[in-house]
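Visitor: A single structure is presented below for examination.
The values are calculated or read from the model by the stated rules, or taken from the named source; none is laboratory data. Predicted, not measured: the structure shown is a model, and the values here were computed from it. Positions of Cβ are backbone-derived with ideal geometry, glycine not excepted, and every protein chain shown enters the neighbour counts. Note: areas computed on protein heavy atoms with side chains; ligands, DNA, RNA excluded. Shrake-Rupley method; radii C 1.70, N 1.55, O 1.52, S 1.80 Å.
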Amino acid sequence: MAGKDWRRLDESDVRIRPGKGTRPRSKRRPEHADASTAMVIGKDRGRWTCAIDSDPDRIVTAMRAREMGRVSVVVGDTVGIVGDVSGKPDTLARIIRVDERSSVLRRTADDTDPFERVVVANAEQLLIVTALADPPPRTGFIDRCLVACYAGGLEPVLCLTKADLASPDELLSGYAGLDIPAVVTRHDEHPEELTGRLKGRVTALVGHSGVGKSTLVNRLVPDADLATGVVSAVGKGRHTSVAAVALPLPDGGWVVDTPGVRSFGLAHVTADDIVLAFEEFAEAAEECPSGCGHLGPPSDPDCALDDVVTQGDASPERLVSLRRLLGSRAGHEDDR
């Protein structure tokens with residue numbers, strides 16, 4: 001404005017930025033009554049792949065809306081989406097809400113890591129894939145997966161692969177006290193029984209590298225590699241084994257293939273979380289001393305769970321199985 005006569009200026013010549021106190025602001029968020037409901041089936045680099053109404057033929061790419069802040073969105077979540085939900089190339093919708101989760105599969109890097117990672121949300125069951133041989137089964141890992149199931153509200157299912165190399169009898173006998181459903185598969189047979197158990201349900205798969213999980217997924221989902229490529233196309237070609245991805249089953253339902261893990265940390269799980277999953281012991285646990293780990297003598301000499309067995313309300317085998325899981329959570333591995 002240098003060199004101008006201030007007396008000749010009118011209001012259109014003067015630009016003044018309004019102060020913060022005069023800006024029209026509101027903390028009310030839009031209600032988005034017209035939002036579509038979708039299931040998150042993949043995530044990569046700030047973008048999520050979603051299936052509208054859980055329909056595998058209606059796939060869209062979405063980002064998290066600004067008003068959500070840093071709310072966690074993981075595979076399996078049911079979300080509300082607005083914007084362009086046509087699924088056409090180069091379109092991007094917005095996730096504006098995450099619905100309440102019915103179950104959560106969590107893990108930590110190890111038992112001392114305070115940061116818990118949500119692997120899958122809203123899965124109805126967890127398929128714990130274990131080879132009977134090559135590599136040999138690791139019951140300590142199975143026990144930790146079971147603990148995560150009971151703490152997160154999932155139904156565990158044992159899937160024992162490579163039955164053509166070894167018998168499943170010994171391993172199954174070790175879990176008889178837990179009444180866990182089990183499916184046995186062979187590399188030279190189609191897993192018919194497993195197909196029926198997964199039909200119409202959302203199932204997460206977990207297992208060590210080499211146990212046959214990828215082979216199983218390829219048999220359950222025709223063109224699994226193609227389907228995985230569609231979901232992972234959200235990012236820039238990242239290898240799909242590093243993140244969970246949900247794949248549609250031919251007869252309905254979804255399998256969530258999770259990355260192979262070396263360890264399954266349980267820093268987020270308490271002893272009471274596990275006991276609550278065993279109805280016959282839950283009430284008695286309330287009578288235990290504060291801080292009781294429910295492991296029994298000598299660690300917990302005043303644990304009340306033994307009284308449940310003494311009174312005939314639970315079998316000794318059931319309590320032994322429960323305490324084995326509690327010991328696994330406490331870091332007492334039991335690779336029989």
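Visitor: Select from segment 209-225 the residues that are surrounded by 19 or more Cβ atoms within 10 Å (Cβ to Cβ) and touching a residue at least 60 places away in the same chain (Cβ under 8 Å) and list them in ascending order.
Guide: Listed by number, the residues that qualify are 211, 212, 213, 216.
Visitor: What pairs can you find where one residue is in segment 76-92 and closer than 30 Å to residue 104 by Cβ and β-branched (Val, Ile, Thr), the other is outside any strand (DSSP E or B) and open to solvent by less than 10 Å² (accessible area, probe 1.4 Å), and their Cβ atoms are less than 8 Å apart, with a gap of 6+ or different chains?
Guide: Close Cβ pairs satisfying both conditions: 79/73; 82/65.
Visitor: Hey, another quick one. Mind checking which residues of segment 182-208 are open to solvent by 40 Å² or more (accessible area, probe 1.4 Å) and in a loop (DSSP other than H, G, I, E, B)?
Guide: Hits for segment 182-208 are 186, 187, 188, 189, 190, 199, 200, 201.
Visitor: If you go through segment 145-169, how many residues are open to solvent by 10 Å² or more (accessible area, probe 1.4 Å), hydrophobic (A, V, I, L, M, F, W, C) and free of Cβ contacts under 8 Å to residues at least 40 places away in the same chain?
Guide: Going through segment 145-169 one residue at a time, the tally reaches 3.
Matching residues to (1) open to solvent by less than 50 Å² (accessible area, probe 1.4 Å); (2) outside any loop (DSSP other than H, G, I, E, B); (3) not β-branched (Val, Ile, Thr):
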residue: 281; (1), (2), (3): yes, yes, yes
residue: 284; (1), (2), (3): yes, yes, yes
residue: 289; (1), (2), (3): no, no, yes
residue: 295; (1), (2), (3): yes, no, yes
residue: 303; (1), (2), (3): yes, no, yes
residue: 308; (1), (2), (3): yes, yes, no
residue: 327; (1), (2), (3): yes, yes, yes
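Visitor: Tell me which residues, restricted to segment 246-257, are touching a residue at least 60 places away in the same chain (Cβ under 8 Å) and open to solvent by 10 Å² or more (accessible area, probe 1.4 Å).
Guide: Across segment 246-257, the qualifying residues are 248, 254.
Visitor: Please return the ranges of strands (runs of 3 or more DSSP E) entirely within segment 57-144 where 2 or more residues are buried (at least 16 other Cβ atoms within 10 Å of the Cβ) and among the small types (Gly, Ala, Ser).
Guide: Filter on segment 57-144 gives 78-83.
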